[in-house]
Amino acid sequence: MAPNSKLNAKRKAQRESTKPAKPRTERHTLEHDKPLAISSIPFELQQLLLNIFRNAFAERLSSDFGPLLQEVKGHLYNRDFATAFGKTEYLEAYAARWSPSRALGYLELFWDLKEQFWRIEETDALDGERSKSRKVVCLGGGAGAEIVALGGLQKIMSDPDAASEGRGNDRKMEIVAIDMADWSLVVENLGKHLTAAPTLSKYASAAAKAANVPLINREDITMSFHQHDILETTTPEISTHLAEANLVTLLFTLNELYTTSLPSTQKFLLHLTSLLQRGALLFVVDSPGSYSSVTLNGAEKKYPMQWLLDHTLLKQANGNQGVRGQDEVPRWEKLKEDGSRWFRLDERLRYPIELENMRMQLHLYRRL
Ligand SMILES: C[S@@+](CC[C@H](N)C(=O)[O-])C[C@H]1O[C@@H](n2cnc3c(N)ncnc32)[C@H](O)[C@@H]1O
């Protein structure tokens with residue numbers, strides 16, 4: 001075999017191993033709360049994504065990680081987010097501990113919801129020339145789970161087979177992470193590891209060196225970070241990012257916003273509604289059974305997070321509390337919801353510290 005075809009064969013083998021499985025036709029469990037083990041994301045790609053975290057935070061994970069993590073946990077438990085997210089060691093410990101399993105869980109969601117994502121893009125294509133890039137704005141996304149998940153999604157979608165199935169591998173991805181804490185170093189570090197080949201030992205074989213390529217080509221993805229409190233007045237720069245977004249994510253962040261201030265969160269969601277373009281998606285993931293308290297006429301009442309969200313987007317934004325004015329048309333439709341979904345880690349996956357399965361509620365809306 002000529003050297004080039006050898007290299008091509010190696011690359012093909014690598015692509016094959018990160019190709020997603022055919023969509024599952026069935027996902028059911030006898031007990032609703034029992035975690036499901038099967039993932040539509042190939043094991044090899046999942047391991048590559050965990051390696052991104054392992055390499056990005058190698059120093060943190062090899063030093064005295066336990067006590068540092070205990071300190072972060074303590075501040076999170078006390079809801080002292082300013083301290084928990086107040087210094088680089090804490091941010092890195094948080095990202096190394098909680099973001100890896102979330103990244104895998106989010107990638108599975110992004111992939112399993114591809115019909116919704118691509119159907120929208122096809123519809124948009126009818127309106128004019130298809131955009132060359134997908135823009136994703138991750139609100140509360142500084143800790144990197146959604147960034148690495150989107151990197152994995154871009155990897156899957158840039159597979160030549162995806163192009164032949166009409167999913168278009170020519171589209172680049174622009175990720176904008178917005179968060180009130182200063183996650184800039186974490187985002188930069190993860191971005192570097194997503195787009196650079198891992199450092200190999202000097203004893204690595206020639207074959208390992210030849211197969212050692214970045215997860216994603218640098219030109220296929222861009223990442224930026226903006227430190228901003230989304231419950232404060234939106235700056236022109238943030239408004240522009242939101243106005244251009246194809247997808248906005250609020251992953252394990254909305255309930256925190258509601259807890260900070262329910263009226264400010266509702267105001268922000270309505271402002272987001274006015275900024276987003278037609279066809280843009282809003283994807284919300286959080287812990288199942290999240291509640292927020294509302295005080296009405298002096299009496300406190302608890303509402304489930306998804307009820308508040310539906311109320312704001314499908315009632316308030318869609319036409320004043322459900323009573324439509326003359327020129328009021330619905331501004332959101334709900335594409336998908338699931339009140340309790342498990343992501344279970346494959347037991348073969350390797351990471352320096354123990355990771356956990358996760359259970360989530362998810363909601364996907366489309367701006368009309
Ligand atoms: C529980 S963490 C979730 C991190 C990440 N999205 C994930 O799923 O792993 C919540 C994040 O939301 C951010 N956050 C909370 N309130 C915010 C606000 N008002 N504006 C911007 N970011 C906020 C926090 O700083 C934190 O990074």
**Report entry** Extreme residue, most open to solvent (accessible area, probe 1.4 Å), among residues of segment 177-235 that are within 12 Å of the ligand (Cβ to nearest atom) and assigned to a strand (DSSP E or B)
**Finding:** GLN227
Report summary line: Within segment 230-251, the residues that are among the hydroxyl-bearing types (Ser, Thr, Tyr) and farther than 10 Å from LEU139 by Cβ are THR233, THR234, THR235, SER239, THR240
Query raised in the report: Do we find a residue being modelled with pLDDT of 90 or more and within 20 Å of LEU153 (Cα to Cα) anywhere in segment 56-67?
Result: yes
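Sort through VAL213, VAL136 and tell me the only one that's at pLDDT 95 or above and out of contact with any Lys or Arg (no Cβ under 6 Å at 6 or more places or on another chain).
VAL136
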Query raised in the report: Of the numbered conditions (1) touching an Asp or Glu at 6+ places or on another chain (Cβ under 9 Å); (2) free of Cβ contacts under 8 Å to residues at least 24 places away in the same chain; (3) open to solvent by 20 Å² or more (accessible area, probe 1.4 Å), GLY66 satisfies every one except a single condition; which is it?
Result: (1)
Query raised in the report: Among the residues of segment 95-118, is there at least one that is at pLDDT 90 or above and farther than 23 Å from SER340 by Cα?
Result: yes
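Tell me yes or no: at least one residue of segment 286-304 is away from the ligand (no atom under 13 Å from the Cβ), in contact with a Leu (Cβ under 7 Å, 6 or more places away or on another chain), of a type in the set (D, E, K, R) and within 26 Å of LEU150 (Cα to Cα).
No: segment 286-304 contains no residue that is away from the ligand (no atom under 13 Å from the Cβ), in contact with a Leu (Cβ under 7 Å, 6 or more places away or on another chain), of a type in the set (D, E, K, R) and within 26 Å of LEU150 (Cα to Cα).
Here are some residues: GLN46, GLN14. Which one is assigned to a helix (DSSP H, G or I), at pLDDT 95 or above, surrounded by 11 or more Cβ atoms within 10 Å (Cβ to Cβ) and out of contact with any strand residue (DSSP E or B) (no Cβ under 9 Å at 6 or more places or on another chain)?
When all the criteria are applied, what remains is GLN46.
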Requested in this report: Being more than 24 Å from GLN46 (Cα to Cα) and modelled with pLDDT of 95 or more narrows it down to one of TYR291, TYR365, TYR303, so name that one.
Outcome: TYR365
Query raised in the report: Mind checking which residues of segment 262-294 are under 18 Å from ASP229 (Cα atoms) and open to solvent by 30 Å² or more (accessible area, probe 1.4 Å)?
Result: PRO263, SER264, GLN266, LYS267, LEU270, HIS271, LEU275
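The values are calculated or read from the model by the stated rules, or taken from the named source; none is laboratory data. Remember, predicted model here, so these are calculated numbers, not experimental data. Methodologically, a virtual Cβ is constructed for each residue, glycine included, from the backbone with ideal geometry; neighbour enumeration extends over all protein chains shown. These accessible areas exclude ligands, DNA and RNA; they are computed on the full protein's heavy atoms, side chains included. Shrake-Rupley method; radii C 1.70, N 1.55, O 1.52, S 1.80 Å.
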